[in-house]
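Here the structure comes first, spelled out in structure tokens, and everything after it is commentary.
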Amino acid sequence: MKKVGILGFQGAFLEHEQAVRRLGHEPLVVRYPGELEEIDGLILPGGESTTMGKLLNRTGMMEPLREKIKSGMPVWGTCAGMILLAKELENDPVVHLGVMDIAVRRNAYGSQIDSFSTRGVIPAISTKELEMVFIRAPYITKVGSEVEVLYELDGHVVAAREGNMLVTSFHPELTENTSCLEYFLTMFPEN
């Protein structure tokens, strides 16, 4: 059983927590730096990246989290989580964790009313078609040489991996399909 942390400042952390439970693992909603020592990996959920970044700083979690990720802790950023992990944001000088070699365009698909759902097969994750829910979603505009592009939608990268870091522009936790979470769990070290 893996102990899966979910950053719990705001956003879709409850849906991730329920998905982790459905797969028989132990979720821990993380809000303080000490809790980083109790988990095997961390999900950075969708939500408001600016707010999350401010709260990471305010709680003193930014540096310890950055160090844990750099030392190999598995991390998965969905939507806002992708923005938190990116080394570069287009049209935004603020970089949060800055650990993944990607450039990201925030709200790339428009505002809340432009949210949409589509389906596709992400071969690295599942041979079955997945529903992908995009809500004020970002996409990746540039990837470094170590970044593996997992999926593109209309020529834009919406899922990628670099070592222990996974990102998706969409929200798998808002569907019943747990394939993305199962894939993330394969990135955890064996105990």
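The values are calculated or read from the model by the stated rules, or taken from the named source; none is laboratory data. What you see is a predicted model, and the numbers here were worked out from it, not measured in a lab. Backbone-built Cβ (ideal geometry, glycine too); neighbour counts: all protein chains shown.
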Scanning segment 74-114 for residues that are of a type in the set (D, E, K, R) and at pLDDT 90 or above, the one farthest from the chain's Cα centre (by Cα) turns out to be Glu90
Matching residues in segment 142-156 (of a type in the set (Ser, Thr, Tyr), more than 17 Å from the chain's Cα centre (by Cα) and under 19 Å from Ile125 (Cα atoms)) number 0
Across segment 114-149, the tally of residues that are in a strand (DSSP E or B), closer than 22 Å to Gly47 by Cα, touching a residue at least 24 places away in the same chain (Cβ under 8 Å) and out of contact with any His (no Cβ under 6 Å at 6 or more places or on another chain) stands at 7
Quiz item: Is it fair to say Thr141 is modelled with pLDDT under 95, surrounded by fewer than 20 Cβ atoms within 10 Å (Cβ to Cβ) and of a type in the set (S, T, N, Q)?
Solution: no
*asked:* So, Ile69, is that one touching a residue at least 24 places away in the same chain (Cβ under 8 Å) and either surrounded by 14 or more Cβ atoms within 10 Å (Cβ to Cβ) or aliphatic (A, V, I, L, M) (or both) or not?
replied: yes
The condition from (1) closer than 23 Å to Gly8 by Cα; (2) over 17 Å from the mean Cα position of the chain (by Cα); (3) at pLDDT below 95 that Ser117 misses is numbered (1)
Taking segment 158-191 and the residues there that are free of Cβ contacts under 8 Å to residues at least 40 places away in the same chain and of a type in the set (A, V, I, L, M, F, W, C), the one that is surrounded by the most Cβ atoms within 10 Å (Cβ to Cβ) would be Ala159
How many residues of segment 31-44 are more than 14 Å from Trp76 (Cα to Cα) and either surrounded by 23 or more Cβ atoms within 10 Å (Cβ to Cβ) or of a type in the set (S, T, N, Q) (or both)? The answer is 0
By residue number, the members of segment 1-25 that are of a type in the set (Lys, Arg) and either crowded, with 24+ Cβ neighbours inside 10 Å or in contact with a Pro (Cβ under 9 Å, 6 or more places away or on another chain) (or both) are Lys3, Arg21
Exactly one of Ile135, Ile122 is at pLDDT 95 or above and among the β-branched types (Val, Ile, Thr), and that residue is Ile122
